[in-house]
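The values are calculated or read from the model by the stated rules, or taken from the named source; none is laboratory data. Note that the coordinates shown come from a computational prediction; the quantities given were computed from them, not determined experimentally. Don't worry about glycine lacking a Cβ; one is built from the backbone with ideal geometry, like all the others, and counts go over all protein chains shown. The protein model used for the area step is the full one, side chains on, heavy atoms only, and it has no ligands, DNA or RNA in it. Shrake-Rupley method; radii C 1.70, N 1.55, O 1.52, S 1.80 Å.
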Amino acid sequence: MGTKAIDPQSIRNVTIIGDVDGTARVVHRLRRCFGDSENTVRWSMDGIEHTIRVTELSGDALIADLERSIRVADAVIVVVDAAAHATPRLETMLRVADDHQVARLCLVGGLDQPTADFDRCVRTIADARGAAPLALQIPVGAGVGFDVIDLVPLSALDAAATESLGSPGQPAERWCRSLVALLTEQHPADSLTVRDLHTRIRRRTRNGDIVPILCATPLARDDIAPLLDAIVRYLPSPLYVCQPEHALDY
């Protein structure tokens, strides 16, 4: 039997960087999806099977090696610990990704810890200059029982519908307004569907203008689906990446 051809448009090559412990946890979760390959996830969305190739940067790699790996990456996932303050190493990773306009997602972990501060993580990304942080999810509650709210579907609702969520809807409403404001600053629109929002997030993420932010759930829940959906939906295929140092290896 011949090898099944893979559509290059369905490939996502992602490099995971950031907090050492958090990165290891993300890779551990992804490995459960790898199947017969140690670094490839097959993930279907909207009836299309995608191939996600995962590379983890060593936590003890030299800064020069980190910089080169980020510079030539198709896309990166930056893992940030909400319970810890930003380190110069993390700030360097964010700066290098910004300097070279590498498409990236940010995954905030440690949200079940007492010292977790989601807003501080958003500020850390903003302070790296360049790309603007865009929260697609926010945590609600504290400790291991915290929940995660998806902002994209809510942002397509009118104000009355968002306010009807009650107390969780109050922070959600503020974050939804920020999301819509950022996505309409260049191209205003009276209303946006969920599909419209996905399209605008994808375009600006691939251009390196914004950094979508997701929340990692506690290990007890082990829900990796939102991250895989975001990788497929927002990050570029190798065909989209235009840097001369990139090589298509499929």
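Quick notes
- Listed by first and then second residue, the pairs with beta-carbon distance under 8 Å, at least 6 apart or on different chains, first residue in the range 47-63 and exposed (fewer than 12 other Cβ atoms within 10 Å of the Cβ), second small (Gly, Ala, Ser), are 48/10.
- Test: residue in the range 46-61 that is in contact with a Ser or Thr (Cβ under 6 Å, 6 or more places away or on another chain) and not in a strand (DSSP E or B): yes
- Flag for residue 225 being at pLDDT 90 or above, surrounded by fewer than 18 Cβ atoms within 10 Å (Cβ to Cβ) and of a type in the set (A, V, I, L, M): yes
- Residues within the range 153-183 that are part of a helix (DSSP H, G or I) and modelled with pLDDT of 70 or more, tallied: 17
- Residue list for the range 98-127, filter: in a helix (DSSP H, G or I), open to solvent by less than 10 Å² (accessible area, probe 1.4 Å) and at pLDDT 90 or above: 121
- Among the residues of the range 14-28, those identified as more than 19 Å from residue 62 (Cα to Cα), touching a residue at least 40 places away in the same chain (Cβ under 8 Å) and open to solvent by less than 20 Å² (accessible area, probe 1.4 Å) are 14, 26.
- Considering the conditions (1) touching a Lys or Arg at 6+ places or on another chain (Cβ under 9 Å); (2) at pLDDT 90 or above; (3) not in a helix (DSSP H, G or I), residue 213 is excluded by exactly one of them, (1).
- Options 73, 83: the member that is free of Cβ contacts under 8 Å to residues at least 60 places away in the same chain and surrounded by 14 or more Cβ atoms within 10 Å (Cβ to Cβ): 83
- Enumeration of residues in the range 20-45 that are part of a loop (DSSP other than H, G, I, E, B), out of contact with any Lys or Arg (no Cβ under 9 Å at 6 or more places or on another chain) and among the acidic types (Asp, Glu): 36
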